[in-house]
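For reference, the structure is listed below as structure tokens.
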Amino acid sequence: MKDIDHKTLLCDEDLFLSTPTPPKQAQRLSFGYSSPDTNGNLQEQGVEREALFMDYLRREKDYTPCHGYLNQLEVSTNLRAARLKAMQYIIHVCKRHGVDNSTVFNAANYLDRFLSLNFCVKWEIWMVELLSITCVSLACKFYETNIPSLHDLQMEDQEHTFKPSTIQEMELMVLKALDWRLSCINVFSFVSLMLGPNRSGPLNDKLTLLLLHYLLDPLIIKFKASIVASSAIKCATMGEAADMTMLNKIPVDEMDHVNSCTKLLETHLLAINTEGGVKQCSPVSVIPTKDDCLI
């Protein structure tokens, strides 16, 4: 493995083209959803969930990649390969350290938002590896109680190793580029809220597996987080009994997007049933070809 220190990073800072903007004050509601206990009022919990869901709908656009990112992924083999390699690492390292699923999806959100700000960069392997480690590190620091060390986040099959100071420099760069907004609303946020008290068990496991599989597919960028979450629940339940109350909160004019996304997710569900789970490789449609290589 090649070792890269913070001096190398600072010399190449101009490669990352995004211009940081001042941090914004977080706007968060004073309430949060928690599973009802034996003394909880289910009706009040339901009202709270619906209010929080509507707040998520209003704010999800603030945590989406920049406009045009999907088009850039479609035309740039380098950018597409960089994203795939990074997503594979995020899923792998988070599984290895047993972090919460929300951390996985938050790290993925940071990655897409940062890549969308820097799609003109010629991504090299060391840059992708450094960014991947940084996104996971930030997500763990924000959401986990037991945080893996920066050394432990570096996988044996990576081509480069990085000093803690290098990763910390990159963390600051990412934080500035994302306006310090790490408490993001993503697909997993919606799914957790929509499932409510049923956030465990076979359905939750099936949904998580489906969404992890879909995370590797750049087409996920095409749909808003609320659309993907609603579609995943429709796809995973397959008409079985489920609480679809939140699905009714999706605007009517977006239901066509839900149906389109559901059809796409069905292909991923079929792949999961065929492969037996999320593998290190992506679905056939997003496996990098010979031309989809990083330098």
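Structure above, values below:
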| read-out | value |
| --- | --- |
| Residue satisfying condition, being within 30 Å of residue 237 (Cβ to Cβ), charged (D, E, K, R) and surrounded by fewer than 20 Cβ atoms within 10 Å (Cβ to Cβ), within set 95, 141, 163, 122 | 95 |
| Evaluation of residue 179 against (1) at pLDDT 90 or above; (2) open to solvent by 30 Å² or more (accessible area, probe 1.4 Å) (one fails), failing number | (2) |
| Close pairs (7 angstrom Cβ cut-off, 6 or more residues apart or separate chains): farther than 14 Å from residue 137 by Cβ and without any contact (Cβ under 8 Å) to a residue 60 or more places away in the chain in the stretch 101-118, among the aromatic types (Phe, Trp, Tyr) and open to solvent by less than 10 Å² (accessible area, probe 1.4 Å) anywhere | 116/69 |
| Any hit, the stretch 152-167, residues being within 18 Å of residue 188 (Cβ to Cβ) and within 19 Å of the chain's Cα centre (by Cα) | no |
| Sole exception among (1) open to solvent by 10 Å² or more (accessible area, probe 1.4 Å); (2) touching a residue at least 12 places away in the same chain (Cβ under 8 Å) for residue 132, by number | (1) |
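The values are calculated or read from the model by the stated rules, or taken from the named source; none is laboratory data. Small disclaimer: the values here were computed from a predicted structure and weren't measured. Heads up, the Cβs are rebuilt from the backbone with ideal geometry, glycines too, and the neighbour counts pull from every protein chain shown. To get the accessible areas, we keep the full protein, side chains included, count just its heavy atoms, and leave off ligands, DNA and RNA. Shrake-Rupley method; radii C 1.70, N 1.55, O 1.52, S 1.80 Å.
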